[in-house]
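Read-outs throughout are calculated quantities, based only on the coordinates presented, and are distinct from any laboratory measurement. None of these values were measured; they are calculated from a predicted model. With ideal geometry, Cβ positions are generated from the backbone for all residues, glycine too; neighbour counts draw on all protein chains shown.
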Amino acid sequence: MNYRQQMDLITTHIATITQLYHECAKLHGMTYNTMMVLGALRHHQTCTQKQIVETWGLPKQSVNTIIKKLHNEQKVEFSQGRNNKEKLVQFTDKGKVFSDTVLQPILAMEERVLQHIGEKECQQLENTMAKFATFFTEEFCAYQKDNA
């Protein structure tokens with residue numbers, strides 16, 4: 001199998017996994033982006049919208065709309081960041097309960113999947129994905145520079 005065929009298979013696997021996350025979100029009556037924002041807030045506990053956008057690869061406008069909606073529903077609250085412009089976002093108690101209800105079954109599923117794979121292969125997967133992300137970032141930066 002050549003690299004192109006391998007990349008096609010990798011892309012298909014990533015698409016399958018992403019689609020399953022979309023389906024999980026739909027089961028909870030929300031969008032994939034909303035579920036990912038909940039996951040980001042769970043992961044960071046306190047962060048800025050910019051951090052969510054940059055770390056999780058979500059559209060800036062979508063993150064802003066989702067955070068506003070969660071704030072209106074009293075599921076997140078804001079606090080002052082390092083300067084007057086920066087607002088930190090964190091769950092309220094109501095938001096923690098809500099996100100746990102949505103995310104805990106998914107987190108348990110993910111953990112069972114990783115247990116099936118095994119600790120050694122999980123570490124290999126994480127290392128390989130980190131290498132892929134690093135090299136792809138380098139290639140993209142070169143591509144972007146050449147096509148600017």
Item checked: Residue identified as more than 30 Å from L20 (Cβ to Cβ), surrounded by 12 or more Cβ atoms within 10 Å (Cβ to Cβ) and among the aliphatic types (A, V, I, L, M) among L88, L103 -> L88
Item checked: Of all residues in the stretch 33-48 being closer than 14 Å to H71 by Cα and in contact with a Gly (Cβ under 9 Å, 6 or more places away or on another chain), the one that is surrounded by the fewest Cβ atoms within 10 Å (Cβ to Cβ) -> T48
Notebook entry, point to check: Looking only at the stretch 52-66, which residues are within 13 Å of M36 (Cβ to Cβ) and in contact with a helix residue (DSSP H, G or I) (Cβ under 6 Å, 6 or more places away or on another chain)?
Noted result: I52, V53, W56, L58, S62, V63, I66
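Return the total of residues in the stretch 1-32 being under 13 Å from the mean Cα position of the chain (by Cα) and either surrounded by fewer than 17 Cβ atoms within 10 Å (Cβ to Cβ) or farther than 19 Å from T55 by Cα (or both).
Of all residues in the stretch 1-32, those under 13 Å from the mean Cα position of the chain (by Cα) come to 17-18, 21-22, 25, 31-32.
From what's left, either surrounded by fewer than 17 Cβ atoms within 10 Å (Cβ to Cβ) or farther than 19 Å from T55 by Cα (or both): 17-18, 21-22, 25, 31.
Counting residues in the stretch 1-32 that are under 13 Å from the mean Cα position of the chain (by Cα) and either surrounded by fewer than 17 Cβ atoms within 10 Å (Cβ to Cβ) or farther than 19 Å from T55 by Cα (or both) gives 6.
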Notebook entry, point to check: Name the pairs whose Cβ atoms lie under 7 Å apart, with the first residue in the stretch 69-81 and on the phi > 0 side of the Ramachandran plot, the second not basic (K, R), and 6 or more positions between them or separate chains?
Noted result: Q74/T92
